[in-house]
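Engineer: Shown below is the structure under consideration.
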Amino acid sequence: MIVTEEIIAEKFAEYNIMYFNYELPTPRFGLLKSYRTCGYFSCKKEKGKRRVKQQQIDISVYYDWDEKDLRDIIVHEMVHYYLRYNHIDDNVSHGEAFHAMAKEMNEKYGLNITERVNTLNFKRAPNAPKISWFFAHYFG
Ligand SMILES: [Zn+2]
């Protein structure tokens, strides 16, 4: 499946209910052309305020996603979002809090949230540019 912003929005809404108790406000969604970065969460924080703003989740259109791999990538980004939103871990991207939450969700829901994923197993989108796999490091 090649993602669109609409597909990411649909999946986000579904997983927000299934895995996050519907706690996360809908962010903006965007598309990445990267083969290295499968997903990316970003947000801004107003100085002196606790509230985060301009939250955004980007997912790569480089791959023709398998349903489960896509789910794990989106939920991975949602874990970053959740930790930021609740100020559990504002600084470290894959710190203790991330690992603890990923482990708990993997056990509870049978997910496979990992710090990094091996993109060599992923199917390239038909119109994705050809790159040398030598450079295809992986990143979650
Ligand atoms: Zn991450």
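The values are calculated or read from the model by the stated rules, or taken from the named source; none is laboratory data. Worth saying up front: this structure is predicted, and the values here are computed from it rather than measured. Note that we place each Cβ from the backbone using ideal geometry, even for glycine, and neighbour counts take in every protein chain shown.
Engineer: Is one or more of the residues making up region 77-84 closer than 15 Å to Ile7 by Cα and over 12 Å from the mean Cα position of the chain (by Cα)?
Structural biologist: There is no residue in region 77-84 that is closer than 15 Å to Ile7 by Cα and over 12 Å from the mean Cα position of the chain (by Cα).
Engineer: Sticking with this structure for a sec: Within region 100-132, count every residue that is more than 11 Å from the ligand (Cβ to nearest atom), modelled with pLDDT under 95 and surrounded by 11 or more Cβ atoms within 10 Å (Cβ to Cβ).
Structural biologist: 8
Engineer: Now for a different question. Would you confirm whether any residue within region 45-55 is closer than 20 Å to Met1 by Cβ, touching a strand residue (DSSP E or B) at 6+ places or on another chain (Cβ under 8 Å) and without any contact (Cβ under 8 Å) to a residue 60 or more places away in the chain?
Structural biologist: Within region 45-55 (the criterion being closer than 20 Å to Met1 by Cβ, touching a strand residue (DSSP E or B) at 6+ places or on another chain (Cβ under 8 Å) and without any contact (Cβ under 8 Å) to a residue 60 or more places away in the chain), the answer is no, since none of the residues qualifies.
Engineer: I want to confirm something. Restricting to region 90-99 and keeping residues that are in a loop (DSSP other than H, G, I, E, B) and within 16 Å of the chain's Cα centre (by Cα), which single residue is modelled with the lowest pLDDT?
Structural biologist: So, considering only residues that are in a loop (DSSP other than H, G, I, E, B) and within 16 Å of the chain's Cα centre (by Cα), the one modelled with the lowest pLDDT is Val92.
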